[in-house]
Each structure stands twice: as structure tokens, then as C-alpha cells.
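Working notes, structure below.
FYI, it's all coordinate maths here, none of it is from the lab. Please read these numbers as outputs of a predicted model, since none were measured by experiment. Don't worry about glycine lacking a Cβ; one is built from the backbone with ideal geometry, like all the others, and counts go over all protein chains shown.
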Amino acid sequence: MAQVELRGVTKSYDGKTTVVHGIDLEIRHGEFVVFVGPSGCGKSTLLRMIAGLESISGGEVRIDGVTVNDLPPRSRDIAMVFQDYALYPHKTLYENMAFGLRLRKTPEPVIRERVMNVARLLRIEHMLERRPAALSGGQRQRVAIGRAIVREPKVFLFDEPLSNLDAQLRNEMRTEIKRLHQRLNATIVYVTHDQVEAMTLADRIAVLSAGHKMQYDTPDAIYHRPAAVFVAGFTGAPPMNLVDCTIVERAADLGGVRVPLPADLAARGAGVAAVKFGVRPENLRLAPTSTDIAVPAEVSLLEPLGAETLVTLKVGSVEMVARCPASFRDPPGSAVTLHVSPGHLHLFDAATGAALL
């Protein structure tokens, strides 16, 4: 295990185009941290700077208190698992997993013991004499992960390791990686564009956008207390409803329909010129509870998903999506009463994108 620190880390090309802007992060011993964000946000570049595969334009990367900016990858005691597996096609699985240890002149008995132990852990001990071409994508990824584990590094780095797998295999491998972390108690830094992977795997998540750190917190905080419009709109499936509003008499005016706000939330939004109103689909209900706010709405669209139905509703001049029971069948055009939980409402400064916390 190891602690990883990023202090003001930046990356620019030709001194002009900056792709990572002053990132500060602390990754604790044994922690599973996920960098998540859309394509081009800088998450893989940041991971490659930790690995030493990309130069650092500014700031410091520290592993266990040692600044590693100028150390080559082999001297950082890290192991990286790539998206495309990066296995040697002409070598057997055993030889692929043993390769790094042989480069380090590790004695053969030690190599065999480590490879066999890890192969049993990943349930691939029966196929060690095969070559990568004979394996499925999930099996190849197990080998790539096994090759990293046998080295017993301080830090594991995963660069979108599941993106080449189909949906079912991706779910299976996600579970395997989660169990693996629990068994190894290793420090893991993991990159993905899939917010479901991030939410299910991480101890903490760093949400990145255009090279900036938007929020770094637990999955629960990222989901329930997003610090910015971008975070709120990126997490959740479907994501948070985000609509323009004006604050009038302690209520959010959604173009003709007013949603009363808790007093403290209304006060925070009162002095802001342009405000966005946010609420997650599961916090919009068609059955009331004692504390809910009742709002008139009209059904626009139904999307049955089997276990539930997503209902698009017109509220004033805006549309919002509610997550409803599968039994909901009111047709488009139907008038309904929407019930909103006041404790789950969010306001954001539309100009800066920052949450009005």
C-alpha cells in the first residue's frame, strides 16, 4: 500500500495548450479512487503522469512522501492495467504474468509461487499454458490484472480497463475488481468515463471536466450533494433534472409553476442573478408523503424499463423526468400532481455552475 499526493499538477503541450489545471488530490493508503469524466477531460493524462508515462508540466506527484516527477516508470513501484490488455501474443499466460518478475531477476521458485497464487485468486489457474488469442476479453483482462498483482506494487493504476468488454462482462469484471480490492487492500487509482463504474467501485471519486477538478468526495456526497451543475448532470441515470428558474417569494418559479423552497435554500438563491433548480428523478413522486410539496404537472412521455417507468412531465414551462413504479400507466396529456421532497432540492448559480450550498 502507498499514499499518493498530487500538488498543483498541471499538463500543457508546447507551453500553450493546458489540458490539466492545477489538480490537488490526496489518495490514502489502501484507498480505491476513481477519476471520472467525459472523453477529453484529462483523466487518463492525469493517471499517466502518476505512472511516469507523461511528463509533468507543473506541480508535484508524490508516492509515500517521495516526489517522483523525474523518476522513470520502473522506479515508481507502480503497476498499470491498460484498456487494450497489452499482453504478449506469443507468450503463454504464465509467461505473460511472470515477465515483469523475470526482468527484476526474481528467483524462479518465487515467480512460480506468486503466479500460481494470483492465478488461483483470479480463477485462471487451469489456462496458464494458453496464449492470449485463445481467451475471451474478460479472461485477457484477468491476465492483465494478474500480471500487475504478481509484482506486488505500491500502487495499481487502471486506465479504462473494462471499456472493451460487452455490458454483461463489464458488470462481471466490475464485481471481480471490487472483490479483489477488498482482498488485497491495495491502493488503486482507476480511470473511467462510466459513472456507474465510478459509483460502485470507489471509496472516493474525483470528477473532472476540461482538466479541472470539479469535486473530490465519497460516492454518496457526489450523488446527493453535488458541488457543481456539471457534477449533478454527469452522475445518475437518468441524471438530475436541471432547469432554469427564478426565485420569487421563497419559491422557485419554473415558468408559471412555483415550487416552495426551504427557507435557507431560498435565502441562498435570492441574491443570485441566474439560478438553476435541480432535483433527481427518484425524488419526484406521484404518491405523497406528509412532508412533500404538491406541484401540478402534465404527463409528456412514458419510458417503461421493466422494473420501473421513467415519466417525462411538463411542469410550468419546463420538463422533468420522474422515476416511477412500473405500474404507472397514465397516458401523455394526463394531469397529475407531482410530489417533491423539500430536503432533496438543489439550487445552482447558473453563471458559475457552483452549488448554492
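Measure up K16/K213; K11/K43; K154/K178; K16/K154; K91/K178; K16/K43 against 23 Å on the Cα-Cα distance and list the ones that go over. Kindly include the intermediate steps, with their values, before the conclusion.
Numbers: K16/K213 20 Å; K11/K43 11 Å; K154/K178 18 Å; K16/K154 34 Å; K91/K178 28 Å; K16/K43 19 Å.
Correct reply: K16/K154; K91/K178.
Using +1 at the C-beta of Lys and Arg and -1 at the C-beta of Asp and Glu, which of G100, H126, L71 has the Cα lying farthest in the positive direction of the dipole of the stretch 43-132?
Towards the positive end, the residue furthest out is H126.
Relative contact order, percent, of the chain when contacts are C-alpha pairs under 8 Å separated by at least 6 residues? Can you show the working numbers first?
Numbers: 743 pairs, mean separation 55.9, N = 357.
With pairs under 8 Å counted, the relative contact order is 16 percent.
Tell me what the chain gives for mean residue ellipticity at 222 nm when only DSSP H runs of n ≥ 4 count, each as -39,500 (n - 2.57), the sum divided by the residue total, rounded to 500 deg cm²/dmol.
Numbers: 9 runs with 93 residues, N = 357.
Result for the chain, helices only: -7500 deg cm²/dmol.
Among V34, V19, V231, which one shows the biggest mean-square fluctuation in a GNM of the chain, springs joining Cα atoms closer than 10 Å?
Maximum among the listed residues: V19.
So for the stretch 265-357, taking the charge dipole from beta-carbon charges (+1 Lys/Arg, -1 Asp/Glu), which of G306, A287, A351 sits furthest toward the positive end?
Of the options given, the answer is A351.
If I model a spin label at H212 and Q182 as a point 7 Å from the Cα along the Cα→Cβ vector, what separation in nanometres do I get?
3.8
Restricting attention to the stretch 121-222, which GluC sites (Glu not before Pro) occupy a DSSP loop and are surrounded by at most 14 other Cβ atoms within 10 Å?
Numbers: sites: E125, E129, E172, E176, E197; in loops: E129.
Within the stretch 121-222, the qualifying GluC sites (Glu not before Pro) (loop, at most 14 other Cβ atoms within 10 Å) are E129.
In whole Hz and in residue order, list the ³J(HN,Hα) couplings for the stretch 62-75 that follow from phi through the Karplus curve 6.51 cos²θ - 1.76 cosθ + 1.60, θ = phi - 60°; x for Gly and Pro.
10, 10, 6, x, 9, 6, 10, 3, 9, 7, x, x, 5, 9
So in the chain, what percent of DSSP beta bridges are antiparallel if you round to the nearest 5? List each step's numbers first, then the result.
Values: 59 of 77 bridges.
Rounded to the nearest five, the antiparallel share is 75 percent.
Could you identify which residue out of R123, R147, R250 has the top mean-square fluctuation in a GNM of the chain using Cα springs shorter than 10 Å?
R123
Only one of the values (i) 62, 51, 44; (ii) 68, 48, 37; (iii) 75, 47, 34 was calculated from this structure for Cα extents along the principal axes in Å; name its label.
Answer by label: (iii).
Pick from L305, L53, L347 the residue whose mean-square fluctuation is largest in a GNM of the chain, springs joining Cα atoms under 10 Å.
L305
Trypsin sites (Lys or Arg not before Pro) within the stretch 8-93: which are DSSP loop residues with at most 15 other Cβ atoms inside 10 Å? Please list the in-between numbers first.
Numbers: sites: K11, K16, R28, K43, R48, R62, R74, R76, K91; in loops: K16, R28, R76, K91.
Hits after loop and neighbour filter: K16, R28, K91.
Treating only the Cβ atoms of Lys and Arg (+1) and Asp and Glu (-1) as charged, compute the dipole magnitude of the chain about its Cα centre; round to the nearest 20 debye. Write down the numbers at each step before the final one.
Values: 41 positive and 39 negative charges, 257 e Å.
Using Cβ point charges on Lys, Arg, Asp and Glu, the chain gives about 1240 debye.
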